[in-house]
Amino acid sequence: MRLASKESAENSMWMWITTFVPPLLLLLVQGLSVIDTLMLAMVFPLYSVTNFLEYTGLRTMEQTQDVKVYLLPFAFIAQTATIWVTVLVAFNRYIAVCQPFKAARLCTVVQVRPTTADTANVNPGHPNRLNPAFPQ
């Protein structure tokens, strides 16, 4: 018996994904992964890099606090967008499972794409206005 090569295994996995996973779910999961990556890109420097700089003595606590004041609102925006896209995924899965006759009309890529984009583009104006520590 011959073992399948890595390339054929990847092709068969892609074929399975495109055959059995609806395009709407692929779009939602891809959007969620992009927004989650943006959230991690904000949270990592906010909590890890600033603490590392304080620990090593390369920056003082006051200097890292200034950076945190500017990064924290963006981290909150990314976190909120992640939460709302997760709610959007749950709502679409609810419609698909509990209301299968309405799902063909309501759960389409055409309707969900702008909703995902709107959720990802949370723009409350200048984000530092949300932070009380930011000098006005």
| message | For a test of the definition: using alpha carbon positions, the gyration tensor, and the 1.5 limit on a/c, classify the range 22-130 as rounded, prolate or oblate. | response | prolate
| By average C-beta atoms within 10 angstrom, highest first, the peptides 37-48, 75-86 | 75-86, 37-48
| query | How large is ³J(HN,Hα) for each residue in the range 27-38, as worked out from phi by the Karplus curve 6.51 cos²θ - 1.76 cosθ + 1.60 (θ = phi - 60°), to whole Hz, x for Gly and Pro? | reply | 4, 5, 5, 5, x, 5, 5, 5, 5, 5, 5, 5
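Relative to the present Cα-Cα distance, how much length would full extension add between ALA90 and VAL67 at 0.36 nm per residue of separation?
4.8 nm
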| query | Using 0.36 nm per residue, how much length does the chain from LYS102 to LEU25 gain when fully extended, once their Cα-Cα distance is taken away? | reply | 26.1 nm
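Every number here is computed from the coordinates shown, using simple stated rules; none is lab data. Here the structure is a predicted model, which is why all the values come from computation and not from measurement. Note: ideal-geometry Cβ built from the backbone for every residue, glycine included; neighbour counts use all protein chains shown.
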